[in-house]
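A.B. asks: One structure, as structure tokens, below. Some questions next.
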Amino acid sequence: ALGADFDVRRIDHAAVGRIKRHLADRNLAPATICKVIRFLQGAFSRGRKLRLVTANPFDGVQLPKLQAKPVHTYKPHEIDAMIEVAPDLWWEALIRLGYTSGLRFGEMLNLTWSDVDLDGETVTVQAKRAGTFKVGDRSYPVLGWTSKSYHDRTVPIPTETMIVLQRLKAKAGGSVYVFLSLARLGQIAALMDRHGGRLRAGYNLAQNSKRRWARIQDAAAARLSEGQAEPYRWERRTMHDLRRSYGSVMAHHVPIHELRSLLGHSNIRTTERYYLAVGDDLAARVRSAFAHAVARAS
């Protein structure tokens, strides 16, 4: 859009307009254009914090209007069913923490025991510097990591979740990570050694997590179907929907600015989706309101 030798520090609103026209001329879907612009906006926001650029030309850019997608969530009894069929303590702790903290999957995998306050019943999402720790004579990696929002945040956790985390810590075997065992860290270290000390972007720290998550959902659906005339209708969802479920629950109980802080959203418009999506009983409440109005009129 701007030429290979264009200095990114010279990108202004006019250049942003050229980028938008370039994307539109490629007949990209509006959702894709929004994704690209938001990515660039986030990159320049990070660049300002690092003092690589002095301004963010993508702030305030008008984006194509999109049809809002529904927020997919798990119902409480579905969460209970998945916990019941969880194959081990690791998965039980992950499900409980995801549902009761709203942490992203990557945030949970990068959580260390120093981030968990068992007495205060909180977890803190914060950046990690790359390094090592020792168990016996062997060294294991501490992975350099930064949260998506680039901000630390501390989230209160229910007592029931903390009890499960305490049980998990008792089996940690010396690992500083909540969900990465020493065996898994050893595998990651070997992989990093083969690739110049780095992991490729987007590398999944938990092996086969998507496949195992699908199996847990299938088992939970089967458990809810037991003794029923018809199989329980269960549409597979993602682990990120644990976070969405948390957001939908909390939207009933906390102001939007506090929910934004709990979820670590950089844009409050993202948080608004949970306020617009809450209430599976909306139709019933609408009918009840009209029935009440008719009764008063008669």
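The values are calculated or read from the model by the stated rules, or taken from the named source; none is laboratory data. As the structure is a computational prediction, the values presented were derived from the model and not from experiment. Cβ coordinates were reconstructed from backbone atoms using ideal geometry, including for glycine residues, and neighbour counts include every protein chain displayed. The accessibility values were calculated without ligands, DNA or RNA, using every heavy atom of the protein model including side chains. Shrake-Rupley method; radii C 1.70, N 1.55, O 1.52, S 1.80 Å.
A.B. asks: Scan Ile83, Ile19, Ile37 and give me the residue that is in contact with a helix residue (DSSP H, G or I) (Cβ under 9 Å, 6 or more places away or on another chain), under 27 Å from Leu182 (Cβ atoms) and β-branched (Val, Ile, Thr).
C.D. replies: One residue alone meets the criteria, Ile83.
A.B. asks: Same structure again: Looking only at region 166-187, count how many residues are of a type in the set (A, V, I, L, M) and in contact with a Leu (Cβ under 7 Å, 6 or more places away or on another chain).
C.D. replies: 3
A.B. asks: Related question: Go through region 175-190 and report how many residues are β-branched (Val, Ile, Thr) and open to solvent by 40 Å² or more (accessible area, probe 1.4 Å). Talk me through it step by step, then tell me what you get.
C.D. replies: Looking only at region 175-190, we keep the residues that are β-branched (Val, Ile, Thr), and these are 176, 178, 188.
Okay, now just the ones that are also open to solvent by 40 Å² or more (accessible area, probe 1.4 Å), so 176.
Final tally of qualifying residues: 1.
Results for (1) more than 30 Å from Asp12 (Cα to Cα); (2) open to solvent by less than 50 Å² (accessible area, probe 1.4 Å); (3) of a type outside the set (Ser, Thr, Tyr); (4) at pLDDT 95 or above, shown as yes or no for each residue.
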{"residue": "Thr73", "(1), (2), (3), (4)": "yes, yes, no, no"}
{"residue": "Trp91", "(1), (2), (3), (4)": "yes, yes, yes, yes"}
{"residue": "Ile95", "(1), (2), (3), (4)": "yes, yes, yes, yes"}
{"residue": "Tyr99", "(1), (2), (3), (4)": "yes, yes, no, yes"}
{"residue": "Val125", "(1), (2), (3), (4)": "yes, yes, yes, yes"}
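A.B. asks: Filter region 184-229 down to the residues that are under 25 Å from His240 (Cα atoms), outside any loop (DSSP other than H, G, I, E, B) and of a type in the set (D, E, K, R) and list them by number.
C.D. replies: Those that are under 25 Å from His240 (Cα atoms), outside any loop (DSSP other than H, G, I, E, B) and of a type in the set (D, E, K, R): Arg184, Lys210, Arg211, Arg212, Arg215, Asp218, Arg223.
A.B. asks: Let me ask something else about it. Look at region 44-62 and say how many of its residues are surrounded by 15 or more Cβ atoms within 10 Å (Cβ to Cβ) and either not hydroxyl-bearing (Ser, Thr, Tyr) or not in a helix (DSSP H, G or I) (or both).
C.D. replies: 7
Let's see how each residue does on (1) touching a residue at least 60 places away in the same chain (Cβ under 8 Å); (2) of a type outside the set (Lys, Arg); (3) assigned to a helix (DSSP H, G or I):
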| position | (1), (2), (3) |
| --- | --- |
| Lys134 | no, no, no |
| Ser147 | yes, yes, no |
| Thr154 | no, yes, no |
| Arg167 | yes, no, yes |
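A.B. asks: Are any of the residues in region 182-204 of a type in the set (S, T, N, Q), under 24 Å from Arg237 (Cα atoms) and touching a residue at least 60 places away in the same chain (Cβ under 8 Å)?
C.D. replies: Scanning region 182-204 turns up no residue that is of a type in the set (S, T, N, Q), under 24 Å from Arg237 (Cα atoms) and touching a residue at least 60 places away in the same chain (Cβ under 8 Å).
A.B. asks: Related question: Tell me whether region 114-122 contains one or more residues that are open to solvent by 50 Å² or more (accessible area, probe 1.4 Å), under 16 Å from Ile188 (Cα atoms) and out of contact with any Leu (no Cβ under 7 Å at 6 or more places or on another chain).
C.D. replies: no
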